Amino acid sequence: MVKAIRVHEHGGPEVLKWEDVEMREPGEGEIRVKNKAIGLNFIDIYFRKGVFKPAAVPFTPGREAVGEVIAVGPGLTGREVGDLVAYAGDPTGSYSEEQILPANRVVLVPSSISPVIAASVMLKGMTGQFLLRRCFKVERGHTILVHAAAGGVGSLFCQWANALGATVIGSVSTKEKATQAKDDGCHHVIIYKEEDFVACVNEITSGNGVDVVYDSVGKDISAYPGITGMLKASGVTWLVLGILLDTRSSPRISTGTKISFLDKCFSHAIYDNSG
């Protein structure tokens, strides 16, 4: 038996129960991992509240962890007892002392990176790599706008984009968050509750606009009516982590602006202003 946090009914934090659970031995293609650090993500709250439906109830939440391999399934190669590994995404169940994982879902963690650091950046790091390097390849000379620049994903975006040589504009809700965004590499910070961020962006860019907008806030900052006014003619806006869950039919927001959901897991969406 091992200890795990279990959810028997959807609700607030009070539904999280610390319980004994049985842990089987790994089967073919699987490993058993003793967790050393567990990543906490907002999506865990969605599963706890029932916004996202788990496969079954009760369930163990959590979708990110780093741990030591303590057993491997029969015939498995490429992973050994003692390996320090990390995973993010499926399967759900990382809020546990130990868990069974598909061996092809984990990566080795270098000795130079602590379990706590690795567990804190796996999911956000994959999101950053996908958006900064694959969906729109940010390079030196680009100007980007990052909404929620002081958040978990946003702070990583700012550091990464700055290191790539881009000019980084960040929007935040408070002065305290503005200080953090500056420390994380934002060249310009806009407090959107006090300033018109569309006007600020146009002033910062001398009316040229930005190459790309990364938005994990959505309608709360009234971004959509002003999106095309901030973008260069070929600019794009990425909506991060499922902001528009009710717009999967890809409606037209305005001329030349289309929403398309590209990935069910991350619920990324794109505004393409290139026509």
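The values are calculated or read from the model by the stated rules, or taken from the named source; none is laboratory data. Because the structure is a prediction, the values reported are computed rather than measured. As a convention, Cβ positions derive from the backbone with ideal geometry for all residues, glycine included, and neighbour counts pool all protein chains shown. Calculation scope for accessible area: heavy atoms of the full protein, side chains included, ligands and nucleic acids excluded. Shrake-Rupley method; radii C 1.70, N 1.55, O 1.52, S 1.80 Å.
Numerical summary
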{"read-out": "Scope the stretch 28-39; condition open to solvent by 40 Å² or more (accessible area, probe 1.4 Å) and touching an Asp or Glu at 6+ places or on another chain (Cβ under 8 Å); matching residues", "value": "Lys34, Lys36, Ile38"}
{"read-out": "Subset of the stretch 194-240 [among the hydrophobic types (A, V, I, L, M, F, W, C), open to solvent by less than 30 Å² (accessible area, probe 1.4 Å) and either modelled with pLDDT of 60 or more or in a loop (DSSP other than H, G, I, E, B) (or both)]", "value": "Phe197, Cys200, Val201, Val210, Val212, Val213, Ala223, Ile227, Met230, Leu231, Val240"}
{"read-out": "Any chance Val51 is in contact with a Leu (Cβ under 8 Å, 6 or more places away or on another chain), within 30 Å of Gly154 (Cβ to Cβ), hydrophobic (A, V, I, L, M, F, W, C) and not in a helix (DSSP H, G or I)", "value": "no"}
{"read-out": "Flag for Leu108 being closer than 30 Å to Arg24 by Cα and either at pLDDT 95 or above or not hydrophobic (A, V, I, L, M, F, W, C) (or both)", "value": "yes"}
{"read-out": "Which numbered condition Leu76 misses (of (1) touching a helix residue (DSSP H, G or I) at 6+ places or on another chain (Cβ under 8 Å); (2) open to solvent by 60 Å² or more (accessible area, probe 1.4 Å); (3) of a type in the set (A, V, I, L, M))", "value": "(2)"}
{"read-out": "The lone exception for Ile191 - which of (1) touching a Leu at 6+ places or on another chain (Cβ under 9 Å); (2) modelled with pLDDT of 90 or more; (3) over 27 Å from Met122 (Cα atoms) it fails", "value": "(1)"}
{"read-out": "Some residue of the stretch 81-93 being farther than 21 Å from Val2 by Cα, among the polar types (S, T, N, Q) and assigned to a loop (DSSP other than H, G, I, E, B)", "value": "no"}
